[in-house]
Amino acid sequence: MCELFGMSASQAVTARVTLGDFRLRGGLAADNPDGWGLAWWENGVFRLVKEPLPAHQSAPFARLCETTCSNLMVAHVRKARFPPINTLDNTHPFRRMCCGKEWVFAHNGLVPDIVEMERANKDSVCQPAGETDSEYAFCHLLSHISQNIQAFPAANETVSFPTVALISELIASHGKFNFLMSDGEHLIAYGHDRLHYLEQRGSDSQGGAPADCAMIATEPLPGDGSWIAFEPGELRIYRLGRIAGRILTRPSGQIVDLEQLPV
């Protein structure tokens, strides 16, 4: 099944070693040979490069692992299942504009029911360019974020993370739903059943200047530090390398724990 990698840092850094290890999970160290993508924040916008080809064989991805310097990254290697078709439009991450922000999204899991749910959504804010359940789930999340901001503009000048948590739990109830999403400021990670995090304070981030750094991966990657598994139904929000919030949901659709921390 697909795998995810994300990074949030207090300043622009490289993650060449960890990102390089992740690249090998695209068809060599793991069975995810059906495409790769990397989005990173640079000069106020997301840059996005992707190919519907095995990541471990990709010279462009290898170069990006060495040269990309950013405080925010989202990467994906794909195992094509819904649909089992390799095209550029079906390759993660996906990128959309919503609520005056640019968003990127990458998914691990399988939630085919979301396709008809989003097609029936009269308040949809975007239309998928590809055929994946993942991109439909992305549009579904953005639709609810947009609705929440429109309904409570004074209280929601920024994204409502409890709304994201509840909608994520709803989507997850239809299958498996682990994802990384970002609005250029926050790294938002939802772990339904398969996600890990690693938080480092004042690290050199593998070649960059000392920085606070948080990394998310589907499976723990080699290197120093102990990766910690997400609790089922856990949403973690990072900003500039530090945890900015944590929300835990249950299959009942209720928030059972909400923790917002100073950044």
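Structural remarks
- Put a dot 7 Å past the Cα of residue 174, heading toward its Cβ, do the same for residue 24, and the two dots end up 3.8 nm apart.
- Packing-based exposure ordering (other Cβ within 10 Å, fewest first) of 65, 213, 126, 2: 126, 65, 2, 213
- Here the Karplus curve 6.51 cos²θ - 1.76 cosθ + 1.60, taken at θ = phi - 60°, turns the phi angles of the range 215-221 into couplings of 10, 10, 8, 4, 10, x, 9 Hz, with x standing for Gly and Pro.
- The residues 13, 104, 77, 111, when put in order of fewest to most other Cβ atoms within 10 Å, stand as 111, 13, 104, 77.
- In the chain, helices alone account for a calculated mean residue ellipticity at 222 nm of -6500 deg cm²/dmol, with every DSSP H run of four or more residues adding -39,500 (n - 2.57).
- Sorted by Cβ density within 10 Å, fewest first, the residues 195, 166, 28: 28, 166, 195
- Summing Lys and Arg as +1 and Asp and Glu as -1 over all other residues whose Cβ lies under 9 Å from the Cβ of residue 139 gives a net charge of -1.
- Residue-count net charge about residue 94 - beta-carbon cut-off 15 Å; Lys, Arg +1, Asp, Glu -1: -2
- Inter-probe distance in nm under a simple model that places probes 7 Å from Cα toward Cβ, at residue 119 and residue 17: 4.8
- Cα gyration tensor category, rounded, prolate or oblate, for the range 1-47 with a/c compared to 1.5: prolate
- Relative contact order (percent, whole number), the range 93-183, Cα cutoff 8 Å, 6+ residue spacing: 39
- Relative contact order of the chain, pairs being alpha-carbon contacts under 8 Å that are 6 or more residues apart, as %: 21
Taken together, the values in this text are just the output of simple stated rules run on the coordinates, not laboratory data. As the structure is a computational prediction, the values presented were derived from the model and not from experiment. Quick reminder, even Gly has a Cβ in these numbers, built from the backbone with ideal geometry, and neighbours come from all protein chains shown.
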